[in-house]
Amino acid sequence: MRNFNFLIDLPVRSEWANVELLRISILNCFTVIFADLQGCHTFAMIAGELLENAIKYGQWDKAEPLLRLRVWGEPHHVSIEVENPIGDGSQPAVQELTRTLEWLDGFSDRESAYRARLLDIAASPREQGRKSRLGLARIAYEGNCNVSAQIMGDTVRVTAMMEL
Amino acid sequence: MTSSQTANPTDPAGSANASQTRPETLEGLHAGDLRIDSQLDTTVTPPALRLLWTGRSSDRHPASVLDPYFVKAVAAAVARSAAIELHFEKLDHFNSSTITSVIQMIQDALERKVRITIFYDHQLKWQKLSFDVLRVFAKGDDVFQIKAV
């Protein structure tokens, strides 16, 4: 499909239950655009993983915290973007995000990065509340997409872009 | 994640195999949108402890429910000298936190010399991508296998 420019831009309440609601909504939206249902599952997975990270690691004690999901399509690529507030309490998570994206860039291919992360998890001790740090690697590998982040004052915006 | 362990439905046909495919060895798990049914099949050698996944696993902390359940599953397999089969063919979705728990289970099983096989639906692209890559844990023997069905 060549002419399918679209934009979905949603403010979202940062409740965990909304992740699955939006994942399914994205799946349905993409299903009406694309014939490839399999690919739609991938787009939905990416939205779900990005939203999960935003809710887990965003700073939600501000007066009007904003979680925002944007999904847009252009002739040759689709982008999924999630924006969430950050603050002093979320600095370790922001640093981890930056490190993870740099780490991903260090691999020649995304599958190698994902495999490396799986092996890291297997080698890690089982502990309560552990962080898998798998989501971004999964997005890059399963979505075959570029993942980037922009930090703008008190918000961070993470974008996954897939070539079609 | 709230959970309840559920007994499995018995074989309504009451076939001869039903008495050898015993659901009572390990209870199933029902947590949110995720259901895992268990069956012990003693008609095969070694016996197979089958964990049948259906629904979706999208909890924030799936490990709080899955990890204790997997510990029980591995212990049940050890006690019965059974192999574990993880059947994901009917699963709709799981998040990366769930993958982490599955990896830990694979490691636990392999450390305890329990054979473990993952089954997925090869017609589902997301399943192929998610499960094929787990071959990274295979050691070239048949202790850990991944089968596309």
Checking B:G28 against (1) touching a residue at least 24 places away in the same chain (Cβ under 8 Å); (2) under 12 Å from the mean Cα position of the chain (by Cα), which single condition isn't satisfied?
(1)
If I filter region A:118-125 for residues that are free of Cβ contacts under 8 Å to residues at least 60 places away in the same chain, of a type in the set (V, I, T), part of a helix (DSSP H, G or I) and closer than 17 Å to A:K56 by Cβ, do I get at least one hit?
yes
Could you count how many residues in region B:77-127 are surrounded by 18 or more Cβ atoms within 10 Å (Cβ to Cβ), among the aliphatic types (A, V, I, L, M) and in a helix (DSSP H, G or I)?
8
Subset of region A:131-164 (residues that are among the basic types (K, R), in contact (Cβ under 8 Å) with a residue 60 or more places away in the chain and surrounded by fewer than 22 Cβ atoms within 10 Å (Cβ to Cβ)):
A:R157
State whether one or more residues within region A:126-146 are away from every other protein chain (no Cβ under 11 Å) and more than 19 Å from A:E52 (Cβ to Cβ).
yes
Scan A:A54, A:A47 and give me the residue that is within 14 Å of chain B (Cβ to nearest Cβ), buried (at least 16 other Cβ atoms within 10 Å of the Cβ) and either assigned to a strand (DSSP E or B) or in contact with an Asp or Glu (Cβ under 8 Å, 6 or more places away or on another chain) (or both).
A:A54
When you check B:D59 against the structure, is it at pLDDT 95 or above, surrounded by fewer than 19 Cβ atoms within 10 Å (Cβ to Cβ) and within 12 Å of another protein chain (Cβ to nearest Cβ), yes or no?
no
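The values are calculated or read from the model by the stated rules, or taken from the named source; none is laboratory data. Please read these numbers as outputs of a predicted model, since none were measured by experiment. Cβ atoms come from the backbone with ideal geometry, glycine included; neighbour counts cover every protein chain shown.
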